[in-house]
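Just so it is clear, none of the values below were taken in a lab; they were calculated from the coordinates. Keep in mind that what you see is a predicted model, and the values were worked out from it rather than measured. Positions of Cβ are generated from backbone atoms using ideal geometry, with glycine treated the same way; all protein chains shown enter the neighbour counts.
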Amino acid sequence: MGTVNEDAGSDTSLCLALTKIFMTKTKAYGTSKDMYFIAFEGLDGSGKSSLLQLLESLLKSRAIDYVITREPGGTPLGDKIRDLILEKSQNPPTARTELLLYEASRAQHVDQLIRPALQSKKWVLTDRFTASSLAFQGTARGIGWEKVEALNHFATDGLSADLNVLLDLSVQESEKRRKNREATSGVLADRIESEAQDFHQRVRQGFLQAAQVDAQKWLILDASKPSNELFIELQKKLIQLGWIS
Ligand code: TMP
């Protein structure tokens, strides 16, 4: 906004300043393009996959091109990094190493999959993106947001999601769902899921903080609700943004 005041001395510069604001807004709200980048965030077990699947069905039914992906992972190298990060090990990564591994996976993901998909006019739906690093490494591991934001920016080369959907859930409910999953599918908790309750409590706070700091780019959903209700709220948001009708 400082630019507007400084440049507002002549009609031409005022016009330029207003055009700049308009272009920023249309980019942020997506009215000037037909592909969007949406990140789904939240605690483990918050229902991101179910909501992603529902949105996928909607895009399919409208013949909208899309890719669904996830972090860490999304590329062959990213999947290898994912295994390194999530495996339970006698020699686990330190907090900074862990962050760098997530960021390495992200850089590859952005360069090889996300940016090319957006350039070919596809919607990109990702299960986790930069806000996960803010919440898990920045807040819960205590690295701090400034460092994580700098690395996020480097890894993404400045790309950010058009919309972040936070599935907010209590730590108790998240743990209950994870235990159910373990009992029914036999899939055991990974290294991060096995962290103590207070770690996950800090993660939840980190997400809520991220959503408050950049509120225009977030939709916060109460993930204790059934997924069909969450999907209705998501659709309303997309209609309000003008991304679907
Ligand atoms: P998930 O794909 O099952 O959600 O597993 C990924 C785990 O990695 C999950 O516990 C969240 C965590 N994570 C981070 O700690 N930082 C990150 O930047 C990302 C993308 C994920």
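Relative protection proxy for 70-79, 116-125, 224-233, from highest mean packing down: 70-79, 116-125, 224-233 (other beta-carbon atoms within 10 angstrom). Quick check: from the Cα gyration tensor, does segment 118-168 come out rounded (a/c under 1.5), prolate or oblate? Oblate shape, in that a/c is at least 1.5 and b/c is the bigger or equal ratio. Applying the Kirkwood pairwise sum to the alpha-carbon positions of the chain produces a hydrodynamic radius of 19.2 angstrom.
Percent of Cα pairs in segment 100-245 per distance bin of 5 Å, from zero to the largest separation: 2, 8, 15, 19, 20, 18, 13, 5, 0.
The helix-based estimate of mean residue ellipticity at 222 nm for the chain, built from -39,500 (n - 2.57) per DSSP H run of four or more residues and divided by its residue count, is -16500 deg cm²/dmol to the nearest 500. With the largest listed first and rounded to whole Å, the semi-axes of the equivalent ellipsoid of segment 32-140 from the Cα gyration tensor are 27, 15, 12.
Once both labels are positioned 7 Å from their Cα atoms along Cα-to-Cβ, the gap between ALA189 and GLN216 label points is 4.0 nm. Taking 0.36 nm per residue of separation and subtracting the current Cα-Cα distance, fully stretching the chain between LYS88 and ILE232 would add 48.1 nm. Placing dummy labels 7 Å off each Cα toward the beta-carbon, the span from SER57 to SER245 is 2.4 nm.
Extending 7 Å from Cα along the Cβ direction at LYS225 and again at GLU149 yields two label points whose distance is 3.0 nm. Both the radius of gyration and Dmax for segment 82-185 are 15.5, 44 Å, in that order, over alpha-carbon atoms. Within segment 64-132, the GluC sites (Glu not before Pro) that combine a DSSP coil assignment with at most 10 other C-beta atoms in a 10 angstrom radius are GLU87.
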